[in-house]
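The values are calculated or read from the model by the stated rules, or taken from the named source; none is laboratory data. Because the structure is a prediction, the values reported are computed rather than measured. Here Cβ is always computed from backbone atoms with ideal geometry, including for glycine, and neighbour counts include all displayed protein chains.
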Amino acid sequence: MTSWFAVPAQGAALRISGLGLVIGRAPTCDLVLSEPEVSRRHVLLQFGLRGQLDVVPFPGARTTVNGIAIETPVAARDGDVLAFPGGATVCLALREGELAATTGHAWLLGVHGRRIGLRRADLSLGGGDDDVVIEMWPSGAAALTWRGEQPYLVPRLDGITRAGKRLTPNVAVALAPGDQLVHGMCSIDVLLETSDPAPTARGAVRITAITLETFPTGGVVTITTTHGEHRALLAERRFALACALLAPPAPYSPGQFVPDEIIIERVWPRNSSADRGDLNQLVFRLRADLKAAGLAGIELVERYSKGGAARAVVEATTSIQVRS
C-alpha cells in the first residue's frame with residue numbers, strides 16, 4: 001500500500017497519517033519550520049472524502065505549490081514541492097507502506113536542523129519503510145512508544161547510543177529533553193518545547209471572541225482567549241456543527257442548549273437517517289479537533305447531561321462573527 005510522506009529539504013521524511021499533518025512554526029505542529037516568516041500554523045495536509053491528499057493553506061499563510069501561490073485547498077500530486085516564506089521547502093512523495101494512527105503531541109525530534117512533532121502513537125524510526133524516515137539509519141532501527149505522556153525508545157538493533165552509552169536492543173529506555181540518539185554518522189535530538197497554552201479546566205480561561213470562516217471544504221474557527229489565539233481547520237460537518245452551536249437559529253442564542261433535532265437538521269440537511277448517535281460521534285470529533293488546536297474541546301462544546309441537546313459554552317459578552 002502506498003502512503004504519502006512530507007519530505008523537507010533537510011531532516012527526516014514524515015509519513016502523513018489519516019489525521020493529516022500540520023506544517024508551521026509552532027512546536028505543536030507535526031513538521032516544524034524554524035524560519036520566522038513562517039506562520040505558527042501554515043499549511044494543513046489532509047485527506048479528502050475521496051481519499052485524495054489536499055494542501056490547505058491557513059488564512060493569511062503565503063504558500064506556493066510548484067511555484068504557484070495558493071489561497072484555497074488544492075489536490076496534491078506525487079513530487080509537488082511546497083515553498084514557504086524564508087526559503088523552506090517540503091516535497092510531497094508517495095511511497096510504499098502502511099499508515100500510522102496518531103494523536104496530539106508536545107515532544108519533538110530534531111533531525112538535520114528540522115524538528116518533527118511526536119504524536120501519541122507507536123512509530124518506527126529508520127531509513128526504510130518507517131513512519132519517520134531518517135537517512136543513514138537502517139530500516140526499522142528503533143521504535144518509539146508511549147506510557148502516558150512519557151516517550152520511550154526501543155532500539156531494534158545494536159549500535160544506537162545515548163549520551164555516548166550503547167543502548168541494549170529491544171530494551172525500552174525513557175527519553176528526556178536534551179537526549180541525543182546516535183547511530184553511525186547521524187544523530188537525533190530529543191526536545192520538549194511548547195509555546196501554546198496547555199488545555200485547562202473549564203473556567204480557567206475566558207473566551208473573548210470567536211470567528212467562523214467558511215471554506216469550500218469546511219471552515220476555520222478562530223478562538224481568542226485570555227491566553228492567546230487558537231485556530232482549528234474543520235471538515236465540513238464539524239464546521240457545520242460549530243456553526244449550529246455558535247450561530248444557532250432563532251429563538252436560540254449562543255450559550256443556550258439547542259435541541260438535537262435542530263442541530264441534526266443543520267448538520268445533515270440532506271440525510272434523514274442521521275440520528276443522535278451520529279451527533280454524539282461528531283461532537284467527540286469536534287472536541288478532538290479543538291483540543292489539537294490548543295483548546296480543550298470540552299470547554300467549548302457541552303452535551304446536556306440528560307441528553308437531547310448541546311450548546312457552546314460561551315458568555316453573552318463573547319464576540320462571535322461569521323464570515324463566508
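Before moving on, here are some points about what is shown:
- Out of 160, 134, sole residue that is of a type in the set (A, V, I, L, M, F, W, C) and at pLDDT below 90: 134
- When residues of region 267-287 are limited to those that are under 17 Å from residue 304 (Cβ atoms) and touching a residue at least 24 places away in the same chain (Cβ under 8 Å), the one surrounded by the fewest Cβ atoms within 10 Å (Cβ to Cβ): 276
- Positions within region 33-83 being within 20 Å of the chain's Cα centre (by Cα), more than 15 Å from residue 5 (Cα to Cα) and among the β-branched types (Val, Ile, Thr), in sequence order: 38, 56, 63, 72, 74
- Criterion: part of a strand (DSSP E or B), in contact with a strand residue (DSSP E or B) (Cβ under 9 Å, 6 or more places away or on another chain) and over 11 Å from residue 82 (Cβ atoms) - qualifying residue of 14, 45: 14
- Among the numbered conditions (1) farther than 26 Å from residue 288 by Cβ; (2) part of a loop (DSSP other than H, G, I, E, B); (3) modelled with pLDDT under 85, the only one that residue 110 does not meet is (2).
- Residue in region 303-320 that is surrounded by fewer than 18 Cβ atoms within 10 Å (Cβ to Cβ), modelled with pLDDT of 80 or more and either outside the structural domain of residue 225 (by TED's automatic domain parsing) or in a strand (DSSP E or B) (or both) present: yes
- Among all residues of region 247-270, there is at least one that is part of a loop (DSSP other than H, G, I, E, B) and either touching a Gly at 6+ places or on another chain (Cβ under 7 Å) or at positive phi (or both).
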